[in-house]
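Asks: Shown below is the structure under consideration.
The values are calculated or read from the model by the stated rules, or taken from the named source; none is laboratory data. Just so we're clear, the structure is a prediction, and the values are computed from it rather than from any experiment. Counting neighbours? That spans all protein chains shown, and the Cβs are built from the backbone with ideal geometry, glycine included. Accessible surface areas use protein heavy atoms only, side chains included; no ligands, DNA or RNA. Shrake-Rupley method; radii C 1.70, N 1.55, O 1.52, S 1.80 Å.
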Amino acid sequence: MPGKIPMRKCVGCGESREKKSLIRVVRTTDGKICLDATGRMNGRGAYLCDDPACLEKARKRKSLNRAFGTEIPDEIYQALLARWEGNDAG
C-alpha cells in the first residue's frame, strides 16, 4: 500500500497539488529569498505551480510577501521568471 502523497497549495492560483510538481521558494534564516530545487532547504517555504501565470497572480496579490512576512524585491520575481525562459537564475 503506497504512502500518503504530500500535497501543497500554490500561493498563486490556490490549488492543492503534489509537492513534487511545485516550485518551492524559500526565505532562509538570513532573509535571502531563493529557489529550492531540492525541496529540503532550511527556512520558510512557499510553493508555486510550474507556470509563469501563477507567479504573476502571486505577484499581483502579494502572496509571497504575506507568506514570508517581508517585501519581495522585483529582482526575485525576475529571477523566478527567468526559470521559464531557460535562464535558471535561482
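Asks: Quick one: helix 74-84 against the long Cα principal axis of the chain, what's the angle to the nearest 10°, folded into 0 to 90?
Replies: 50
Asks: Among the trypsin sites (Lys or Arg not before Pro) in region 1-60, which ones are in a DSSP loop with at most 15 other Cβ atoms within 10 Å of the Cβ? Mind listing them?
Replies: Numbers: sites: LYS4, ARG8, LYS9, ARG17, LYS19, LYS20, ARG24, ARG27, LYS32, ARG40, ARG44, LYS57, ARG59, LYS60; in loops: LYS4, LYS32, ARG40.
Answer by residue number: LYS4, LYS32, ARG40.
Asks: Which angle between 0 and 90 degrees, to the nearest 10, do you get for helix 52-61 versus the longest principal axis of the chain when only C-alpha atoms count?
Replies: Long axis of 52-61 versus the principal axis of the chain: about 70 degrees.
Asks: If you count only protein heavy atoms with a 1.4 Å probe, what accessible area per residue comes out for the chain, rounded to a whole Å²?
Replies: 66
Asks: If each residue of separation counts as 0.36 nm, what is the full-extension length gain between TYR77 and CYS13 once their alpha-carbon separation is subtracted?
Replies: 21.4 nm
Asks: Shifting gears a bit: Kindly provide the helix-only [θ] at 222 nm of the chain, computed as the sum of -39,500 (n - 2.57) over DSSP H runs of four or more divided by all residues, to the nearest 500 deg cm²/dmol? All intermediate terms of the calculation are to be shown ahead of the outcome.
Replies: Numbers: 3 runs with 27 residues, N = 90.
Per the formula, -8500 deg cm²/dmol.
Asks: Probe radius 1.4 Å, ligands and nucleic acids ignored: give me the carbon and sulfur share of the accessible area of the chain as a rounded percent.
Replies: 48
Asks: Rounded if a/c is under 1.5, else prolate if a/b is larger than b/c, else oblate: which is region 7-90, with a ≥ b ≥ c the root eigenvalues of its Cα gyration tensor?
Replies: On the way: a/c = 1.12, a/b = 1.06, b/c = 1.06.
Verdict is rounded for region 7-90.
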